[in-house]
Structures are given as C-alpha cells and as structure tokens.
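One structure below.
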Amino acid sequence: MQALARRLADARLKPWPDRPVPITLAITDLDVGGAEQALVDLAIRLDRRRWQPSVVCLDRPGDLTDVLGMAGIETVCLDVDRRRPIRAVGRLAATLRRLGPALVQSFLFHANIATRLAAPLSGNPWVVGGIRVAERGRRWHLTLDRLTTRLACGSVCVSEGVRQFTRELGRIDPDRLTVIPNGVDPTRFDRFEPLDRAKIGVPAEALLALFVGRLDPQKGIPILLDAAARVFADSAAWHLAIVGDGPEEEMLRSLADSLPILAGRVHWLGRRGDVSSLLGAADLLVLPSLWEGMPNVVLEAMAARRAVVATAVEGTEDLVVPGETGWLVPPGDSLSLANALRDAATDRDRLRRFGEAGRARVEAHFTPGRVVEAYERLWSAVLRYEYP
C-alpha cells in the first residue's frame, strides 16, 4: 500500500461526496484503558455530516461498548481469542466486507496486525494503524509490525517519542509514520468534588502522591516504593495512594510490607471509577514508568490542575515541562525520583502554580477537538477529499 508521506504529498483532491464516508475504527478490546477511551472519544466526536463511523473490537464486549451504542455507533465485538489469529483475521475480514469502510483506522498491536491481514480480503480499504506505546517488553511485536507494515498506508504514533522509537528500534520507514497526540476534555475535571481523604485513610494535612495505572513491570512501581521509603524516612507528612490492579499486585504488596517505613502510608485502592475525584484529593501525580506512549493519566492530572512527577520517557516528555508543570527524572532511578518528590514537598504554592500551568498547557495543545481535527484531516488526505 502506498506510503503515507507519498499519499499525502499528492495534491489532487476531489470534493466531499454527497453522503457521509463510511469509516471503521478497529481495536483489540473495549475495556477501560487509555487507547480504548481515546478511540471512543474520537468515534463519538467525529463530524457525522462527513463520516459514518463504526467500531470493531476483536474481543468480547467491554465496559465501553455501551457508550458507543448510546452514541448511535454500530459496534461489533468478534469475541476472538488473541491466541487464534487466523480466526480473528477471518471474522474481521467478513465484518469489514459487510461494513464497507473506505478506510480502517486501527488501534493497538493485535488490531493493527489483524486489520492489515484482513483488508485485502475485504475490498482493500485504506488502512492506517495506531502505535500507542514504545513496546520495549515484547520485541516480537516490533518484528511482526515491520513484516506487515507495507500492508498499511502508515501508522499514527501517539507521541514524538513513540515515532522515534518505531523508526529507530522498530526499523519502520519514517514515510509511514505520523504523530497525533492524545487529548482530554479539561472541563470534565471541574465537575467533580475532591474525594474526602478520610475515606481512603489519608490525613487531611498530609502530602498525598497519587499513582494511577496497571500494576505491571512497565510502570516501574518497585522504583516508586523504594523512592517512597527514602522520602517517608525524611518526613512524616507523606502518603502514597496506588490505584490500579495487575499481574504484579501480590509481589508489590509483599515488597511494601518488607519496608516498615511504608506501613500505614501506602494505600492500595485497586481499580477505581473515581480517578477524577482522587486527583482532586491528591497534591500531585507520580508516574515512574520505564516506557510509555503518551499516558492519559498525565494529561488527566494536568487537566485537573495537579503537578506531575514522572520519568522522562515517551509521551511524558511531550507533556511535562520541567520547572513549569512538574518534574522529569531518569527512568529506573529511585534516588532521582525521591529527590524530585522531596523538592515538590518544599513549596505547596509552587505545586499549585505547576498545576495551573499544566491545565493551561492542556487547554492550548491537548484538547479532544484538536485530536479529532487531526484525524479527520489525515483521513481526508488519504482518501483525497477536500477538507474544509
């Protein structure tokens, strides 16, 4: 399939057709997550005068399936085991033949590969992938991506860091890569009252750092616990709340139990549906990831007017401005993370200023409207339609 850069360089555009253009968004699953929420937000906000969106997920219906249904978007869940890729390709091809999209925009690795293989069997729609993370944990993902990359026009990388990683380590032709960052609606964080800290066992006067994410090796939580132990030893004011679940939960709880200084000051909250209220109750967000794509939780914290202490990895580097909206430290360095947390604690007024600056940065650069327009312009150019 023609490379994205060469396709976009062709200026021969035609008027928009008389009816909305059918387009399909494909994703691995529709459980709550950053990529999944980004797809749903995009599908719901598309201009229905120009686009007729549908959504296909490879898995069973998830928490976000009903949200799409309520928005009037046809959603098909294929209920395919990821360990059966041939079945996934066959079912996806049959579904795309029925839906008849002019273009398929896929999100996440499994959906990217399945869409590329299914498209030639379903009328050859244009295919654009979505690379949401710098995948340092599963290198075979990079190999499959490289082997199938010419079956798609190109891929949307969620950050400049992901584009650089995909180009250099994934060895993907840069002509097949573009960047569209995530966005978040900042006004929705103004509708939530901060959670009463007493409900999670945190004193009102404490300094509360909040972690939100999957309890997975990628997130670097052992580094966070080590840094917390260093900081807590210096100050009785600190507390840490950890939101999320995942495969490392039991190991992480055992690690925390082995550090007596953390007793009663690390709060394991599990999966929560009130992250906005928890951000309102926290003094700052801390994210010690070893690699990322563009973490939605950082955008959400900034939109909620919270300073951020994070590692300098893909996406986070695009969002956090050191000395203006937060702190960036090297990944895997618990001493540097501890020092950043100590510095954050020295001036609560500065924390508030950083939070306000983060909100302003989201409003200026990372709103859903900007994301939707970027995708619509990209698809229009690929299909060679004039975009108003």
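Since every read-out is calculated from the coordinates, none of them should be taken as a lab result. Note that the structure is predicted; figures quoted are calculated from it, not measured. Reconstructed Cβ throughout: ideal geometry from the backbone, glycine too, with neighbour counts over all protein chains shown.
The residues neighbouring ARG139, those whose beta-carbon lies less than 14 Å from its own, together hold a net charge of +1 under the Lys/Arg +1, Asp/Glu -1 convention.
Computed over the Cα atoms of the chain, what is the convex hull's projected area averaged over all directions, in nm²?
Values: hull surface 74.8 nm².
Dividing the Cα hull surface by four gives the mean projection, 18.7 nm².
If you take the Cα centroid of the stretch 250-324 and the Cα centroid of the stretch 69-100, the two points sit 34 Å apart.
So, with +1 on the Cβ of K and R and -1 on the Cβ of D and E, and no other charges, what is the size of the charge dipole of the chain about its Cα centre, to the nearest 20 debye?
Numbers: 51 positive and 49 negative charges, 303 e Å.
The dipole of the chain has a size of about 1460 debye.
Scanning residues 5 or more positions from ALA26 or on other chains, those with amide H under 5 Å from its amide H are VAL56, GLN105, SER106, PHE107, with H placed 1.01 Å from N in the peptide plane.
Taking each residue as 0.36 nm, the span from ARG98 to ARG230 lengthens on full extension beyond its C-alpha to C-alpha distance by 41.7 nm. Packing order of peptides 109-122, 358-371, highest average first: 109-122, 358-371 (average count of other Cβ atoms within 10 Å over each peptide's residues).
Amide H to amide H distances under 5 Å link VAL329 with ALA310, THR311, ALA312, where only residues 5 or more positions off or on other chains count and H is placed in the peptide plane. Considering only VAL297, VAL286, LEU46, the residue lying farthest towards the positive end of the dipole of the chain is LEU46, judged by Cα position with unit charges set on Cβ.
Charges at C-beta only: +1 for Lys and Arg, -1 for Asp and Glu. How large is the resulting dipole of the stretch 186-365 about its Cα centre, in Debye rounded to 20?
Working: 20 positive and 26 negative charges, 90 e Å.
In total the dipole reaches around 440 debye.
As a rough guide to protection, the peptides 298-304, 380-386 ranked by mean Cβ packing within 10 Å, highest first, stand as 298-304, 380-386. Annotation: amide H-H contacts under 5 Å for TRP238 (H modelled 1.01 Å from N, sequence separation of 5 or more, or interchain): LEU207. Here the dipole of the stretch 317-356 is about 220 debye; that uses its Cα centre as origin and unit charges on the Cβ of Lys and Arg (positive) and Asp and Glu (negative). Of the peptides 237-243, 60-66, the order by per-residue mean of other Cβ atoms within 10 Å, starting with the highest, comes out as 237-243, 60-66.
Here the 3J(HN,Hα) profile of the stretch 182-198, calculated from phi with Karplus coefficients 6.51, -1.76 and 1.60 at θ = phi - 60°, is 5, x, 8, 7, x, 5, 5, 7, 7, 8, 10, 7, x, 5, 5, 4, 4 Hz, Gly and Pro shown as x. Rounded to the nearest whole Hz, the Karplus-based 3J(HN,Hα) values (6.51 cos²θ - 1.76 cosθ + 1.60, θ = phi - 60°) of the stretch 147-157 follow the sequence 5, 10, 4, 6, 7, 10, 5, x, 9, 8, 8, with x at glycine and proline.
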